[in-house]
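Contents: one structure, followed by commentary.
The values are calculated or read from the model by the stated rules, or taken from the named source; none is laboratory data. Just so you know, these numbers come straight off a predicted model, no measurement behind them. Heads up, the Cβs are rebuilt from the backbone with ideal geometry, glycines too, and the neighbour counts pull from every protein chain shown. The area values use the complete protein model at the heavy-atom level, side chains included, leaving out ligands, DNA and RNA. Shrake-Rupley method; radii C 1.70, N 1.55, O 1.52, S 1.80 Å.
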Amino acid sequence: MNDRTVKDAFMEVVVNQLETGDPPETKATLDRLTAAGHSNSEAMQLIAAVARNEMQAMMAAGRPFDNARYAQLLAKLPQID
């Protein structure tokens, strides 16, 4: 899978989270970032980067997706650790 395909897949994750409202922190983060002056596209890309980081950590550690950790990472945006 090339990098563009991976980015598109994680953008789809963000779209699905926004459509379902699960987790609610995704929409709250999008709203917060756009209110701070980021474009909708930029904000979604930042959220997708956090989703990708959490997914990679999950796979590396062999653990389930950690919603609480994901929410904490979203709260740090626009800074990405």
For this session: First compute the accessible area of the chain with a 1.4 Å probe, then give the percent of it belonging to carbon and sulfur atoms.
Result: 55
For this session: Would you look at the GNM of the chain, springs on alpha carbons closer than 10 Å, and say which of Met55, Met11, Met44 moves the most?
Result: Met55
Seminar exercise, completed: Largest-first semi-axes in Å of the equivalent ellipsoid built from the Cα gyration tensor of the chain are 19, 15, 12
Exercise. How high is the relative contact order of the chain, in percent, with contacts defined as C-alpha pairs under 8 Å that are six or more residues apart?
Worked result: 30
Exercise. Summing -39500 (n - 2.57) over the DSSP H runs of n ≥ 4 in the chain and dividing by its residue number, what mean residue ellipticity at 222 nm do you reach, to the nearest 500 deg cm²/dmol?
Worked result: -25000 deg cm²/dmol
Seminar exercise, completed: To the nearest Å², the heavy-atom accessible area per residue of the chain with 1.4 Å probe amounts to 61
Exercise. By how many nm would the segment from Gln45 to Arg32 lengthen if fully extended, with 0.36 nm per residue of separation less the alpha-carbon distance?
Worked result: 3.3 nm
For this session: Taking the Cα centre of the chain as origin, sum charge times position over the Cβ atoms of Lys and Arg (+1) and Asp and Glu (-1), and report the length of that vector in debye to the nearest 20.
Result: 160
